[in-house]
1. So, of the residues in the stretch 149-168 that are hydrophobic (A, V, I, L, M, F, W, C) and outside any loop (DSSP other than H, G, I, E, B), which turns out to be surrounded by the fewest Cβ atoms within 10 Å (Cβ to Cβ)?
2. I'd like the full set of residues that are within 14 Å of Thr180 (Cβ to Cβ) and of a type in the set (Lys, Arg), limited to the stretch 254-279.
3. With respect to Tyr202, determine if the residue is at pLDDT below 95 and out of contact with any Asp or Glu (no Cβ under 9 Å at 6 or more places or on another chain).
4. Given the options Ile69, Ile101, name the one that is closer than 16 Å to Val128 by Cβ and either crowded, with 18+ Cβ neighbours inside 10 Å or not polar (S, T, N, Q) (or both).
5. Limited to the stretch 117-148, what total is found for residues that are buried (at least 19 other Cβ atoms within 10 Å of the Cβ) and closer than 25 Å to Asp102 by Cα?
6. In the stretch 231-262, which residues are among the charged types (D, E, K, R) and in contact (Cβ under 8 Å) with a residue 40 or more places away in the chain?
7. Does Val139 count as in a helix (DSSP H, G or I) and modelled with pLDDT of 90 or more?
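The values are calculated or read from the model by the stated rules, or taken from the named source; none is laboratory data. Since we're looking at a predicted model, the values are computed, not measured. Here the Cβ positions follow ideal geometry from the backbone for every residue, glycine too, while neighbour counts run over all protein chains shown.
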Amino acid sequence: MSPQTTHQHYRDVNSASSSPTSQRLRQLTKQHFVAELSQCLFDFVIQLLPTQEELAVKEDVRKLLERLIRTIEPDSRLLSFGSTANGFSLRNSDMDLCCLIDSEERLAASDLVTMLGDLLERETKFHVKPLPHARIPIVKLSLDPSPGLPLGIACDIGFENRLALENTRLLMCYAMIDPTRVRTMVLFLKVWSKRRKINSPYKGTLSSYGYVLLVIYFLVHVKNPPVLPNLQQMPPLRPIPKEETHMGGHNTWFFDDIDLLRQRWHSENSETVAELLIDFFRYFSRDFVYNGGVASIRAGLLKKESKGWQNEVSASRYDARERNRLCIEDPFETDYNVARCVTKDGLYTIRGEFMRASRVLATRPERAILALADLCDERKDEDLVTAPLFYAPSRQVPPQTPYSVGSRYMNQDPHYRVNKYLFARRRNIWLQNEVSGLVRHLLKHLPQTIHYMRVNWGWGWS
C-alpha cells in the first residue's frame, strides 16, 4: 500500500469512527451497559440485606439486654444506632446499642460498664468484655452462631451517646428520601471497600461511616441537579427553641419530616444508580481537592484552613501519626474529622482504588456483571500501597456551587491549569536534580572505583 493510499485509509477510518452513526452506536452501547449495571447492582445489594429472621433475632437480643439493664437502672432505655438503625446495614453486621437513663441521679458510665459486665456474665451466654476505662466506656458482647444468626452476633453497648442517636436519625432520613439509589450506592460501596481492603481505620484507611458521608456529600453537593436536599440547611416550619436544636453545644437541627419533604421537594436528577456510581468514582479519583478540601454534608466543600485542619509535615521526616490527610466533617460535631485516622499511605491506597474502579467502569465490558465482579475482586495484599515522596502542589478549592462531574470544571479553572503546570514543572525539576545528583556521585567516586577494581579484580588497562 502506497503512502498516499495509507493516509487515505486512515482518513476513511477516522471519519467513519467519528460519523454520527458510530457515535450513536457508542451512545447506545453506553446506555445498554449503564442499564444492565444498574440492574446488576440492585440484584447484588438485595442479597446483602439482613433477613427478616436476623432482624427478629437482633430485636429479641436488644429487648433481653434492655430488661437486664433495667435491673440496674430502672429508668433506662436501650436503643439501636449506627447501621443497624439507619438503613445501611449489611447481613450479619454488628449491633451498636446506646443506653439512655432518664433519671437525674445515675451511676457513672464506668461503673455501669463494670456492673453490667458482671450481670451479663452471670445471666447470659454472651462472651463479655467490659471496657470501663476506655475513652468512651463500653461493653463488648459476642454470641456464638445460632440458626437465626449463622455467623453469630457481635454487639457494643455504650451509654448516653445522644449525638450518635441524632446522627443515626439524620442518615436514616437521607436513606428514606431516595432508598433505591442512596441505599444501593452505600451498601455496594461498603462491600467494595471491604473487598479492596480500604475499610479499616486501625490500618490507616476509612471507616464505613466515612464512606456513607462521602456518598451523601456527593449526592447533595456535587451532583447537579442534586439527588438529595441538604436537610441541615432547610429551615424549620416554625420557630424552635435553641434547647431543642442544640445538644452539648452542637447544632443538631435537620428537617426530619420526610413525608412533608416528599410533597415539597422533588429531585430533578434522573440519573440511574450506575451513572451515579460511575461519576462518584470519577470525582473522588480526579476532581476532589484532597490537599485543601473538606467534605461536609452540612456545608459542602470547605477549606482545611477554615477548620484548622491543614497538614503540618516536617521537611525532615514524615510523622506517621499525622492527621487530616483526608478530611470529612462530622455532621454535628463539626470540629471532628471522621477521616482523622487515614494515613498518607492509606489515602494513597484509597485514591488508587477509586482510580482503579473508575478505569474498570470506563472499559465497559460486554456484560456488566463482569465489571461488577472485577470491581469487587478481593485485593490479596493486606498492606497499604506506599505513597511516593514527591508532594504535589496544592490546588484551589473551587466555588461552592454544585457542578457536574462530566463538565471537567477543574480543567476549565485557570487556577487548576496553573497548578497543573507547576506540578509538571516541579516534577521535572525534581527528576533533573535526582539525575544530576546521581551523575555527580558517580563522577566524584569514579577514581576510587577504578582503583578498587584494579586492585581487587585485576581490571583496568595494561
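1. Ala154
2. Arg262
3. Judged against the criteria, Tyr202 is a match.
4. After ruling out the rest, the residue left standing is Ile69.
5. 7
6. Scanning the stretch 231-262 gives Asp256, Arg262.
7. no
Residue by residue, here is whether (1) touching a Ser or Thr at 6+ places or on another chain (Cβ under 7 Å); (2) buried (at least 19 other Cβ atoms within 10 Å of the Cβ); (3) at pLDDT below 95; (4) farther than 22 Å from Phe42 by Cβ holds:
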{"position": "Asp345", "(1), (2), (3), (4)": "yes, yes, yes, yes"}
{"position": "Met355", "(1), (2), (3), (4)": "yes, no, no, yes"}
{"position": "Glu366", "(1), (2), (3), (4)": "no, no, yes, no"}
{"position": "Leu372", "(1), (2), (3), (4)": "no, yes, yes, no"}
{"position": "Arg379", "(1), (2), (3), (4)": "no, no, yes, yes"}
{"position": "Val385", "(1), (2), (3), (4)": "yes, no, yes, yes"}
